[in-house]
1. Enumerate the pairs (first residue in the range 85-101 and among the basic types (K, R); second residue anywhere and assigned to a helix (DSSP H, G or I) and at pLDDT below 95) with beta-carbon separation below 7 Å, excluding pairs fewer than 6 apart on the same chain, so at least 6 apart or on different chains.
2. Out of all the residues in the range 145-201, which are in a helix (DSSP H, G or I), at pLDDT below 95 and of a type in the set (G, A, S)?
3. For the range 104-120, indicate whether the set of residues that are on the phi < 0 side of the Ramachandran plot, surrounded by fewer than 16 Cβ atoms within 10 Å (Cβ to Cβ) and among the small types (G, A, S) is non-empty.
4. State yes or no: is K83 more than 21 Å from I190 (Cβ to Cβ) and basic (K, R)?
5. Would you confirm, using the coordinates I've provided, whether D17 is modelled with pLDDT under 95 and closer than 24 Å to G138 by Cβ?
6. If you go through the range 8-17, how many residues are buried (at least 19 other Cβ atoms within 10 Å of the Cβ) and assigned to a helix (DSSP H, G or I)?
Amino acid sequence: MSRTKELTTLGLHLPTDPRWVDLASISLEEILTDHAYCEQKAASACISLIQQYPDRVELVKEVSPVVTEEWGHFRLVIQELEKRKLKLGFQRKDEYVNGLLQFQRKGISREEKLLELLLTCALIEARSCERFKLLSQGLEEDGLKDFYYHFMVSEAGHYRMFLDLAELYFPKEKVQQRWQEYLSFEADWIAQLKPRGDRMH
């Protein structure tokens, strides 16, 4: 798949800086540590969605298995660290995600907040999918390429699930309009962030 077509499929407006994979490959302990915490936070975000919207039957049904899957991913990354005799470092601030959280509309109804949460989750999953694909193609070690290919496929499914849920609960035109606003903001925001090899985002 071409880079342009891939971005179109995911909806992303700006590709990751090509220097990022090289930077990430310099210290596997750092990138694996950040990856582990990204999976932990993804599981927590799904739990929070269920806690806030237990009345949304389809959401609970679709998101519940993702909690288990994301926590399983956390354990896989921990195992990868242990296999390489590397240590899990401390969690670090996620500037990328914090920027998206700041972009969410404030002072809105519980109903409208759901749309913001679903689109934020979808966007994080889309960008993660793109980054995992880069790692699966750009790292030298075949074992790590396969490791990240597995994550890429999973994140693509999660990205689509969150968008589908948004379109289940809100008019499609409304979802697409707000989604394009998120994509435009994300492209501008990621362009401002310096590529760091110790961060997944």
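The values are calculated or read from the model by the stated rules, or taken from the named source; none is laboratory data. Please read these numbers as outputs of a predicted model, since none were measured by experiment. Please note: Cβ atoms are built from the backbone with ideal geometry, for glycine as well, and neighbour counts cover all protein chains shown.
1. Sorted first by the residue in the range 85-101, then by its partner, the pairs are K87/E29.
2. Those that are in a helix (DSSP H, G or I), at pLDDT below 95 and of a type in the set (G, A, S): S154, A156, G157, A191.
3. For the range 104-120, residues on the phi < 0 side of the Ramachandran plot, surrounded by fewer than 16 Cβ atoms within 10 Å (Cβ to Cβ) and among the small types (G, A, S): present.
4. Against the criterion (more than 21 Å from I190 (Cβ to Cβ) and basic (K, R)), K83 qualifies.
5. So D17 fits the description; yes.
6. Residues in the range 8-17 being buried (at least 19 other Cβ atoms within 10 Å of the Cβ) and assigned to a helix (DSSP H, G or I): 1 in total.
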